[in-house]
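Step one of this worksheet: look at the structure below.
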Amino acid sequence: MKGLTEEQKKKVEDLLSQMTLEEKIGQMNQESPSIVGGFDVPFEELIEMMTDGRISKEEFGQIMSNATQDFHEEDIKKGLVGSLMVQDPVKVNELQKIAVEESRLGIPLIFGLDVIHGFRSVYPIAIAEAGTFDTDLMERTARMAAKESRAAGVAWHFAPMLDVARDARWGRVSEGPGEDPCLGSQFARAKIRGLQNDHSATENYVAACLKHYVGYGACESGRDYNTVSMAMHVFYNNYLKPFQAAVDEGAQTVMAAFNDLNGVPCTVNRFLLRDILKDSMGFPGFVVSDANAIRECVVHGIAEDHMDAGVQAVNAGMDMDMGTEIYVKNLKTAVENGTVSMDVIDEAVRRILSVKMWLGLFDHPYVTEEAMKRYETLPKEHTDLAREAAEKSIVLLKNEDGLLPLKKDTKIALVGALADNREEIIGAWAMSWQEKDCVTILEGMKSTFENVKYFPCGGPEGDIDMNDILKAEDYGDVIVAVMGELVSMSGEASSRSNITLPGRQKELIEMLMHTGKPVILVLMNGRPLALEWENNYVPVIVEAWHLGIQMGNAVARVLSGDVNPEGRLSSSFPAVTGQCPVYYNHPNTGRPASRSKFTSRYLDAPFDSLYPFGYGLSYTTYTYSDLTVKEEGDALDISVKVTNAGDRDGRETVQFYMQDVAASLVRPVKELKGFEKVSLAAGETKEIRFSLKKADMGFYDNERNYHLEDGLFRIYAGGSSRDCLMQEIRLSF
Ligand code: NOJ
């Protein structure tokens with residue numbers, strides 16, 4: 001990873017020495033365009049009114065069309081803004097010109113945005129893409145997103161989201177790489193490489209922002225923004241790991257999480273921001289708050305007023321304020337009265353200027369005319385990548401009697417309102433996509449199969465159309481039913497207390513099953529769903545998530561067998577909601593679940609997940625044999641033979657797990673240590689080797705001491721976290 005040259009470092013110091021206190025604090029201020037005019041209530045209230053139905057979307061649109069946006073031009077001119085959230089390149093240039101040509105020191109703005117799973121080309125949501133276990137793909141989609149956004153002037157992505165998440169009720173499970181810290185760390189590294197490492201031109205890279213630092217994924221009962229309490233060894237061994245990996249890979253910025261961790265909101269958490277992130281991990285970049293989070297410290301009850309919140313935040317190591325103006329309004333007084341030192345301010349500004357310098361913004365502050373036009377039509381290379389990512393993310397959960405793949409001339413009755421909707425394939429947090437680039441499932445199916453007819457029948461909202469069901473019954477040899485969640489049902493502020501299929505969709509599936517025609521259930525959703533009933537009764541289930549602009553083609557190509565499914569689950573699926581949180585790498589109890597009464601189980605629900613982490617079927621089958629584990633110096637040499645025992649070529653995800661059988665702290669029953677994607681032709685066998693460094697077999701205690709403890713270990717290799725071969729080995733470190 002490229003760092004700053006000595007000359008660039010000197011330029012940062014020179015600038016710093018010329019800046020007034022106001023200008024320094026200005027760099028620490030991030031603004032979004034504010035909406036002004038036309039309405040009598042604050043903008044936030046207006047959004048609430050639309051969300052709770054007091055006004056319709058159309059009415060909201062009308063009100064907004066009479067309003068204007070304030071882009072803070074005057075403040076930019078005075079050097080009181082360091083960053084803005086804007087995505088229109090023309091506006092970017094306009095505002096940048098003010099910063100560069102009209103402010104006293106000409107320091108460029110950094111434009112940031114939530115580019116979570118693609119910019120113009122939208123890829124699968126992260127929970128889905130992580131399930132490809134394909135780090136090369138993860139890197140390529142990030143690189144493409146960086147290029148597309150930088151061509152619009154957005155040089156800073158509020159991504160990757162790295163929250164380990166084990167409770168599927170939390171809507172934000174969709175945004176991150178799932179429940180496992182090892183997969184999460186690989187995802188983190190791949191994303192940082194993709195976003196940040198191509199320095200062949202300034203337009204090819206952006207600054208990443210690791211979020212949400214940290215522990216947000218463990219919000220109590222999966223309710224968004226809720227409190228987080230956990231033992232520190234759980235924190236260090238799980239929730240912190242992907243962040244550590246991304247910092248090691250060179251991440252430029254970090255966003256603090258909304259939640260409190262063991263009583264202290266991350267926004268003002270000196271231990272997390274200074275001691276761990278900046279001092280211990282050596283993170284060189286800057287930390288930004290989450291939106292309005294500094295103000296929310298008053299509501300949390302950790303600060304008395306805005307001044308108090310701002311002082312606590314900056315002293316804790318929070319370098320940039322997102323959206324509250326608390327820094328610009330209070331920090332000057334705080335420095336003058338001595339509650340914040342000049343060193344603290346200088347440190348924050350030095351970090352911010354260094355990232356701007358690293359991004360090349362001082363030399364290339366503007367978007368060129370050519371770049372603005374570059375993606376007016378998406379190049380084939382971009383749509384191909386979107387399709388590849390979508391195809392590889394699809395997880396075949398069940399395929400009774402080998403009903404899939406379908407022949408191209410099968411008469412297919414395609415059912416479900418979601419099948420013919422452009423917005424619903426995109427997934428939470430996507431802003432810059434265009435309708436013309438989206439391929440719906442209906443379109444994908446029609447261009448892949450010869451005989452497809454569409455009967456909406458119903459969807460996540462609204463009623464069931466019985467007439468449509470009768471027509472579907474008459475027409476199809478099979479029914480492909482596209483069911484799931486609306487995009488708005490996952491993502492931020494979208495927790496659900498019941499994660500079965502929403503609305504009347506289960507009833508609808510029951511009615512479709514009564515037709516006697518085979519039903520193929522294709523799921524579009526942003527979180528693991530509780531699918532006990534569907535798994536019991538529906539013969540085929542395909543998990544297709546929200547896959548982005550190429551979703552329709554990807555689904556059709558998997559259903560037809562043009563593509564052999566290879567996606568895996570990055571998060572366990574519960575049978576019923578009451579099992580949440582359910583995750584494969586749980587610690588053992590003294591009474592593991594069994595049939596007997598006094599064990600750790602439910603009376604009315606299974607203990608195990610319905611579909612475990614790492615699980616996913618294919619149109620071929622893979623068998624494992626000959627697992628061997630040998631000590632080779634400072635590593636374990638693990639090898640296993642994997643055979644494609646079916647008659648189709650495929651790609652298998654070979655997974656390696658371990659268990660520390662007895663240790664000074666209770667350890668997980670299994671923990672992923674590595675994986676490899678392997679292409680296997682029909683009938684082919686390959687020996688797959690994995691070198692597990694002994695140094696990576698330890699764990700952190702509550703004081704963050706790392707332990708490597710002698711004793712018995714179990715090593716597993718297999719095609720999912722549940723289905724593995726096992727060998728024991730005794731080790732002395
Ligand atoms: C709130 C979200 O928590 C965060 O993920 C996002 O980046 C910011 N808002 C900015 O939109």
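The values are calculated or read from the model by the stated rules, or taken from the named source; none is laboratory data. Just so it is clear, the model here is predicted, and its values are computed rather than measured. All Cβ positions, glycine included, derive from the backbone under ideal geometry; neighbour counts span all protein chains shown.
Kindly establish whether ILE63 is touching a helix residue (DSSP H, G or I) at 6+ places or on another chain (Cβ under 9 Å), of a type in the set (A, V, I, L, M, F, W, C) and in a helix (DSSP H, G or I). Taking the combined requirement at face value, the residue satisfies it. For the structure I just gave you, tell me whether ASP279 is over 21 Å from the mean Cα position of the chain (by Cα), more than 15 Å from the ligand (Cβ to nearest atom) and more than 25 Å from LEU84 (Cα to Cα). In short, yes. Against the definition (more than 16 Å from the ligand (Cβ to nearest atom) and modelled with pLDDT of 95 or more), how does LEU105 come out, yes or no? Taking the combined requirement at face value, the residue satisfies it.
At negative phi, of a type in the set (D, E, K, R) and exposed (fewer than 11 other Cβ atoms within 10 Å of the Cβ), is that true of ASP40? In short, yes. For the stretch 225-243, the candidate set comprises residues that are hydrophobic (A, V, I, L, M, F, W, C), assigned to a helix (DSSP H, G or I) and more than 23 Å from GLY285 (Cα to Cα); within that set, the residue that is nearest to the chain's Cα centre (by Cα) is VAL234.
Among the numbered conditions (1) farther than 27 Å from LEU672 by Cβ; (2) away from the ligand (no atom under 15 Å from the Cβ); (3) part of a helix (DSSP H, G or I), tell me where LEU272 comes up short. The failed condition is (1). Across the stretch 329-381, the number of residues qualifying as more than 22 Å from LYS91 (Cβ to Cβ) and among the aromatic types (Phe, Trp, Tyr) comes to 1. Within the stretch 379-410, which residues are among the hydrophobic types (A, V, I, L, M, F, W, C), surrounded by 19 or more Cβ atoms within 10 Å (Cβ to Cβ) and part of a loop (DSSP other than H, G, I, E, B)? Scanning the stretch 379-410 gives ILE394, LEU404, LEU406. So which residues in the stretch 87-125 are touching a strand residue (DSSP E or B) at 6+ places or on another chain (Cβ under 7 Å) and assigned to a loop (DSSP other than H, G, I, E, B)? Within the stretch 87-125, GLN87, LEU109, VAL115, ILE116 qualify. Taken together, GLY548, GLY552 contain a single residue that is modelled with pLDDT of 95 or more, under 27 Å from ASP649 (Cα atoms), within 22 Å of the chain's Cα centre (by Cα) and in a loop (DSSP other than H, G, I, E, B), which is GLY548. Applying the condition of being within 16 Å of the ligand (Cβ to nearest atom) and assigned to a helix (DSSP H, G or I) to the stretch 185-215 and asking which residue is surrounded by the fewest Cβ atoms within 10 Å (Cβ to Cβ) yields LEU195.
Among residues of the stretch 663-683 that are within 26 Å of PHE607 (Cβ to Cβ), those with a beta-carbon under 8 Å from a residue that is aliphatic (A, V, I, L, M) and at pLDDT 95 or above at least six positions away or on a different chain give the pairs LYS670/MET658; GLU671/MET658; LEU672/LEU183; LYS673/MET658; LYS673/LEU692; LYS673/MET697; PHE675/LEU183; PHE675/VAL654. Applying the set (1) in a loop (DSSP other than H, G, I, E, B); (2) within 26 Å of GLU13 (Cβ to Cβ); (3) within 25 Å of the chain's Cα centre (by Cα) to PHE362 leaves exactly one unmet item: (3). Among residues of the stretch 256-267 that are under 14 Å from ALA309 (Cα atoms) and touching a residue at least 40 places away in the same chain (Cβ under 8 Å), those with a beta-carbon under 9 Å from a residue that is in a strand (DSSP E or B) and within 13 Å of the ligand (Cβ to nearest atom) at least six positions away or on a different chain give the pairs PHE258/HIS212; CYS266/HIS212; CYS266/TYR213; CYS266/ALA256; THR267/ALA256.
Within the stretch 300-337, the only residue that satisfies the criterion of being closer than 15 Å to VAL81 by Cα and either among the small types (Gly, Ala, Ser) or not assigned by TED's automatic domain parsing to the domain that holds ASP260 (or both) is GLY323. Across the stretch 131-140, not a single residue is classified as within 16 Å of the ligand (Cβ to nearest atom), modelled with pLDDT of 95 or more and either within 27 Å of PRO565 (Cα to Cα) or surrounded by 24 or more Cβ atoms within 10 Å (Cβ to Cβ) (or both). Is the stretch 53-66 home to any residue that is surrounded by fewer than 13 Cβ atoms within 10 Å (Cβ to Cβ), in contact (Cβ under 8 Å) with a residue 24 or more places away in the chain and under 24 Å from LEU353 (Cα atoms)? Among the residues of the stretch 53-66, not one is surrounded by fewer than 13 Cβ atoms within 10 Å (Cβ to Cβ), in contact (Cβ under 8 Å) with a residue 24 or more places away in the chain and under 24 Å from LEU353 (Cα atoms), which makes the answer no. The condition (being within 16 Å of the ligand (Cβ to nearest atom) and outside any loop (DSSP other than H, G, I, E, B)) is satisfied by just one residue among ALA159, ALA128, ALA145: ALA145.
When residues in the stretch 258-268 are screened for being part of a loop (DSSP other than H, G, I, E, B) and either over 27 Å from ALA245 (Cα atoms) or within 16 Å of the ligand (Cβ to nearest atom) (or both), 2 of them pass.
Taken together, the criteria place PHE283 among residues that are buried (at least 24 other Cβ atoms within 10 Å of the Cβ), closer than 28 Å to HIS233 by Cβ and either modelled with pLDDT under 95 or among the aromatic types (Phe, Trp, Tyr) (or both).
Could you grab me the full set of residues in the stretch 469-501 that are acidic (Asp, Glu) and more than 30 Å from ASN259 (Cα to Cα)? GLU473, ASP474, ASP477, listed by residue number.
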